[in-house]
There are 2 protein chains.
Amino acid sequence: MRIAILGFGSVGRGIARVLLAKDLGIAVTGLADSKSGIIDAGGIDLAAALARKEGGGPCGNPGVSPADVVAKAKYDVLVEVTPTNVETGEPALGHIREALRRHKHVVTSNKGPIALDYPGLRALAEANGVLLKYEATVCGAIPLIHAMQEGLAGNTISRLYGVFNGTCNYILTRMAAEGLTYEQALAEARELGYAEADPTYDVEGIDAGIKLVILANTILDLSTTLDDVERTGITLLSPEALQLAEDQDCTIRLIGEIIPDAGVLRVSPRIIPKTHPLVVEGTLNAVTVEADLAGDLTFIGKGAGSTETASAVIGDLLYIRERYVKGS
Amino acid sequence: MRIAILGFGSVGRGIARVLLAKDLGIAVTGLADSKSGIIDAGGIDLAAALARKEGGGPCGNPGVSPADVVAKAKYDVLVEVTPTNVETGEPALGHIREALRRHKHVVTSNKGPIALDYPGLRALAEANGVLLKYEATVCGAIPLIHAMQEGLAGNTISRLYGVFNGTCNYILTRMAAEGLTYEQALAEARELGYAEADPTYDVEGIDAGIKLVILANTILDLSTTLDDVERTGITLLSPEALQLAEDQDCTIRLIGEIIPDAGVLRVSPRIIPKTHPLVVEGTLNAVTVEADLAGDLTFIGKGAGSTETASAVIGDLLYIRERYVKGS
C-alpha cells in the first residue's frame with residue numbers, strides 16, 4: 001500500500017518512525033510539510049526526511065507544495081496530519097476533498113475538517129468509492145470510534161461522557177495532589193510540554209468541545225457545531241474547590257458530555273467520586289458510553305502523543321488495506 | 001440478512017428479544033434448542049417461540065434437531081449460542097464446522113470451540129470464503145476483540161491482564177465491602193443468580209483461563225490450551241487477607257494475565273491498589289492491554305448477561321452484513 005503524508009510535525013514524524021521500525025508493507029510516496037515536499041513513486045527515504053526535519057530544515061524540496069503531493073504523487077491513501085484549524089478547517093479540508101475526488105482513501109488526525117464538514121466529506125468519499133477514517137481525532141490511542149461503530153453497532157447510545165483533554169486533566173491532577181493553584185499547575189504543564197504557550201484551546205474546553213462535535217456528528221447522528229457546545233473551562237478553579245471535593249472523597253475533572261436525545265453537548269468541571277472509572281490521573285483520557293444493549297462501557301488510555309496518535313492512524317490504514325486496497 | 005440460531009437459553013433469547021425490539025433487518029429462518037427446532041424460510045415468529053420457551057416448553061418441533069437446522073435452513077449466518085463444553089467443544093464444534101463447510105458465516109458466544117480449535121475453524125472459514133466471529137466469548141459487552149484486531153492493528157501487545165470473571169469479582173467485592181467469608185459471599189452470589197449451583201468453573205479460574213486461551217490463540221499468535229494456564233482460584237481467600245490488603249489501600253482481584261513473549265498465561269488472586277482502573281466493583285469485567293504504540297489501554301464493562309452478550313453477537317452480525325452479505 002502506498003500513502004502520501006501531509007504534515008510532518010509530531011504526528012507525521014511519529015508515523016514515519018513507526019513505518020521505519022515496523023515492516024508493515026506501507027510505502028510513503030509523497031510527503032509535505034508547510035514549506036516543502038517530496039514526491040517519489042519508488043518510496044521516500046523516511047530516515048533522511050526525518051533527519052532533515054529534526055535538524056531544523058524542511059522535510060523536502062521547497063518547490064513541492066502539499067497541493068502538488070495531493071495531485072501528483074502515486075498513492076492509495078492520503079494521510080492528513082497537519083495542525084487543526086477549528087475555524088475553517090483549511091488548508092486540510094481542501095486537500096482532503098481533492099484526494100477524495102481523486103478516488104483516494106483518506107486517514108486524518110485533524111479535528112477541523114471532521115468537525116466542520118463530516119457529512120460533506122463522507123458523501124464525497126462514498127461518491128468516489130473510497131473511505132474516510134478519523135480514529136486519531138478523538139482520544140488519541142483509544143480505539144473509541146472503532147469500538148462504537150463496529151463493536152456497538154446495533155446499540156443506541158443514550159449518553160457519552162468523559163475526560164477528553166489530557167492537558168486539563170494533568171492540571172487538575174496536580175492541583176488536587178499538591179494543592180497547587182491553577183497558574184502553578186499550568187506553568188508545570190507548560191514546562192513538561194503538556195500545555196501550549198497559549199493554552200486557551202485546551203483550558204477553555206475548546207479541544208474537548210470539538211471532540212464532542214466529532215462524536216455527535218459522525219456516530220450519534222446529530223448535526224452540531226462548536227457553537228452548540230455549552231463550555232466552561234478550568235481557569236477559575238481554585239485549590240480550595242479541589243480540597244472541598246477531596247474532603248468528600250471526590251475530585252474535579254473537566255467532563256465532556258453528550259446526551260443525544262436531549263441535544264445536549266456540554267464541557268464543564270464536575271465533582272466525581274474518586275472511585276469512578278473516569279477519575280484518571282495525569283494526561284490520560286477516559287470515556288464512558290451508556291448503550292442500551294451493552295450497558296455502560298468505559299475506555300481509558302493515552303489521549304495524545306506522537307506514537308499514540310500514530311497508533312490510531314496506522315490502525316485506520318490497516319483497516320483500509322484489509323478491505324479496499326488490492327494487491328498490497 | 002437471514003440467520004439461524006442454535007441455543008435458546010439466556011443468550012439466544014436475549015438475541016431474539018433484541019431482534020423483536022429493534023428493526024435491524026435480520027430475519028431468523030432457523031432456530032433450535034437441545035430438544036426441538038423450527039425451520040421457516042419466511043421468518044420464524046420469535047415472539048411465539050419465546051412464549052413457548054418461557055412457558056417451560058421446547059422452542060419448536062421435537063422432530064427438528066440442531067443438525068437439521070444447520071443443514072436445511074436457509075441462512076447467511078449461523079449464530080451458535082449453546083452452552084460451553086470446555087472438554088470437547090461439542091456439539092457446537094461440529095455444528096460450526098458443518099455451517100462453515102456450507103459457506104455460511106458463523107457468529108458464536110461459545111468459548112469451547114474457539115478455545116479448542118480456532119486455527120482449524122479459521123482455516124475452514126477462509127477455505128469457504130466466510131467469516132467466523134466470536135466477540136461474545138470474551139468479556140461480554142466489551143468490544144475487546146474488535147478493539148484489538150482493528151483499532152490496535154499494527155501494535156505489538158506485550159502484556160494483557162484483567163478481571164475476566166464477574167462471579168469472582170462479585171464475591172471479592174462483597175468480601176471486601178462487608179467482611180463476609182468466601183462461603184457467605186458465594187451464597188449471596190448464588191441467590192442473585194451470579195453463581196451456578198456448582199461454582200467450580202468460575203471460582204477455580206477455569207472460565208477466566210479459557211478466555212485467556214481465546215485471546216492468546218486468536219489475537220496474540222500463541223497456540224495454547226487450558227492446561228497451559230497456571231491457575232489459582234479464590235476459594236481459599238480469607239476475609240483477613242482482604243482486610244490486610246484494605247489496610248494498605250489495596251484490594252484483591254482475580255486477575256488473568258498473558259505475557260506473550262514469556263509464554264505466560266496465569267489466573268490468580270492479586271493485591272492491587274484501589275485506585276487502579278482494574279479495580280471494578282460487582283460483576284464488571286476490566287482488561288488492560290499494554291501495546292507498544294498505543295501504550296496502556298483499559299476497557300471496562302459488563303462481562304455477562306443476556307442482553308449484554310446479545311450486544312456482542314449483534315455487533316458481529318452487523319459487521320458481517322456490512323462486508324459480506326449482498327442485497328441485505
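The values are calculated or read from the model by the stated rules, or taken from the named source; none is laboratory data. Treat the numbers as computed from the prediction; the structure is a model and nothing was measured. Backbone-built Cβ (ideal geometry, glycine too); neighbour counts: all protein chains shown.
Mind checking whether some residue in region B:267-290 is facing chain A (nearest Cβ under 8 Å), hydroxyl-bearing (Ser, Thr, Tyr) and within 19 Å of B:Leu215 (Cβ to Cβ)? No. Give me the residue from region B:80-100 that is among the hydrophobic types (A, V, I, L, M, F, W, C) and either in contact with an Asp or Glu (Cβ under 7 Å, 6 or more places away or on another chain) or surrounded by fewer than 19 Cβ atoms within 10 Å (Cβ to Cβ) (or both) and, out of that set, modelled with the lowest pLDDT. Only one residue fits best here, namely B:Val86. In the set B:Asp247, B:Asp227, only one residue is free of Cβ contacts under 8 Å to residues at least 60 places away in the same chain, closer than 29 Å to B:Val86 by Cβ and charged (D, E, K, R); that residue is B:Asp227.
Taking the numbered list (1) buried (at least 16 other Cβ atoms within 10 Å of the Cβ); (2) at pLDDT 95 or above in turn, A:Ala187 passes all entries but (1).
Starting from residues that are assigned to a helix (DSSP H, G or I) and among the charged types (D, E, K, R), keep the ones in region B:240-251 and report whichever is surrounded by the most Cβ atoms within 10 Å (Cβ to Cβ).
Kept after step one, since they are assigned to a helix (DSSP H, G or I), are these residues of region B:240-251: B:240-247.
Still in the running and among the charged types (D, E, K, R): B:240, B:246-247.
Working: B:Glu240: 9, B:Glu246: 16, B:Asp247: 8.
Checking each candidate, the answer is B:Glu246.
Counting only residues that are surrounded by fewer than 23 Cβ atoms within 10 Å (Cβ to Cβ) and either of a type in the set (A, V, I, L, M) or more than 14 Å from chain B (Cβ to nearest Cβ) (or both), region A:126-143 holds 5 of them. The single residue among A:Ile219, A:Ile252, A:Ile234 that is of a type in the set (A, V, I, L, M), within 25 Å of the chain's Cα centre (by Cα) and within 14 Å of chain B (Cβ to nearest Cβ) turns out to be A:Ile219.
Checked against (1) at the interface with chain B (Cβ under 8 Å from one of its Cβ atoms); (2) modelled with pLDDT of 95 or more; (3) within 21 Å of A:Gly205 (Cα to Cα), A:Ala294 passes all but condition (3).
For region A:226-271, give me each residue that is of a type in the set (Ser, Thr, Tyr) and under 24 Å from A:Thr298 (Cβ atoms).
Within region A:226-271, A:Thr232, A:Thr251, A:Ser268 meet the criteria.
Residues in region B:12-28: is at least one over 22 Å from the mean Cα position of the chain (by Cα), surrounded by fewer than 21 Cβ atoms within 10 Å (Cβ to Cβ), more than 24 Å from B:Ser311 (Cα to Cα) and in the same structural domain as B:Val130 (by TED's automatic domain parsing)? No: region B:12-28 contains no residue that is over 22 Å from the mean Cα position of the chain (by Cα), surrounded by fewer than 21 Cβ atoms within 10 Å (Cβ to Cβ), more than 24 Å from B:Ser311 (Cα to Cα) and in the same structural domain as B:Val130 (by TED's automatic domain parsing).
Among the residues making up region B:263-305, those that are in contact with a Lys or Arg (Cβ under 7 Å, 6 or more places away or on another chain), in a strand (DSSP E or B) and among the aliphatic types (A, V, I, L, M) are B:Val267, B:Ile272, B:Leu284. Restricting B:Glu90, B:Glu80, B:Glu98 to those that are in contact (Cβ under 8 Å) with a residue 60 or more places away in the chain and among the acidic types (Asp, Glu) reduces the list to B:Glu80.
Residue check: A:Thr173 meets all listed conditions (1) in contact with a helix residue (DSSP H, G or I) (Cβ under 8 Å, 6 or more places away or on another chain); (2) in the same structural domain as A:Ala286 (by TED's automatic domain parsing); (3) in contact (Cβ under 8 Å) with a residue 12 or more places away in the chain but one, namely (1).
Set side by side, the residues A:Leu226, A:Leu293 differ, and just one is under 23 Å from B:Val287 (Cα atoms), assigned by TED's automatic domain parsing to the domain that holds A:Ala208 and either touching a Gly at 6+ places or on another chain (Cβ under 6 Å) or crowded, with 21+ Cβ neighbours inside 10 Å (or both), which is A:Leu293. Just one of the listed residues (B:Thr283, B:Thr275) is of a type in the set (Ser, Thr, Tyr) and crowded, with 19+ Cβ neighbours inside 10 Å, namely B:Thr283.
Of all the numbered requirements in (1) at positive phi; (2) within 12 Å of chain B (Cβ to nearest Cβ); (3) of a type in the set (Gly, Ala, Ser), A:Gly193 misses one, and that requirement is (2).
Residue count for region B:33-84 satisfying the condition of being among the small types (Gly, Ala, Ser) and either within 22 Å of B:Tyr324 (Cβ to Cβ) or not assigned by TED's automatic domain parsing to the domain that holds B:Ala312 (or both): 4.
Summed over region B:18-45, the residues that are within 14 Å of chain A (Cβ to nearest Cβ) and either of a type in the set (A, V, I, L, M) or under 13 Å from B:Lys72 (Cα atoms) (or both) give a count of 6. The one condition from (1) outside the structural domain of A:Arg159 (by TED's automatic domain parsing); (2) in contact with a strand residue (DSSP E or B) (Cβ under 8 Å, 6 or more places away or on another chain) that A:Ala312 does not meet is (2).
Taken over region A:39-79, residues that are buried (at least 23 other Cβ atoms within 10 Å of the Cβ) and touching a Gly at 6+ places or on another chain (Cβ under 7 Å) amount to 6. Taken over region B:145-179, the criterion of being buried (at least 19 other Cβ atoms within 10 Å of the Cβ) and over 30 Å from B:Pro260 (Cβ atoms) is satisfied by B:Arg174, B:Met175, B:Ala176.
Selection of region B:205-223 for residues being among the charged types (D, E, K, R) and either under 18 Å from B:Thr108 (Cα atoms) or surrounded by 18 or more Cβ atoms within 10 Å (Cβ to Cβ) (or both) yields B:Asp207, B:Lys211. A count restricted to region B:297-311 and to residues that are more than 16 Å from B:Ala147 (Cβ to Cβ) and either among the β-branched types (Val, Ile, Thr) or more than 7 Å from every other protein chain (Cβ to nearest Cβ) (or both) stands at 5.
If you check B:Leu237, B:Leu254 for being outside any strand (DSSP E or B) and surrounded by 16 or more Cβ atoms within 10 Å (Cβ to Cβ), only one passes: B:Leu237. The single condition among (1) under 19 Å from the mean Cα position of the chain (by Cα); (2) more than 9 Å from chain A (Cβ to nearest Cβ); (3) closer than 30 Å to B:Tyr75 by Cα; (4) not hydrophobic (A, V, I, L, M, F, W, C) that B:Glu257 does not satisfy is (3).
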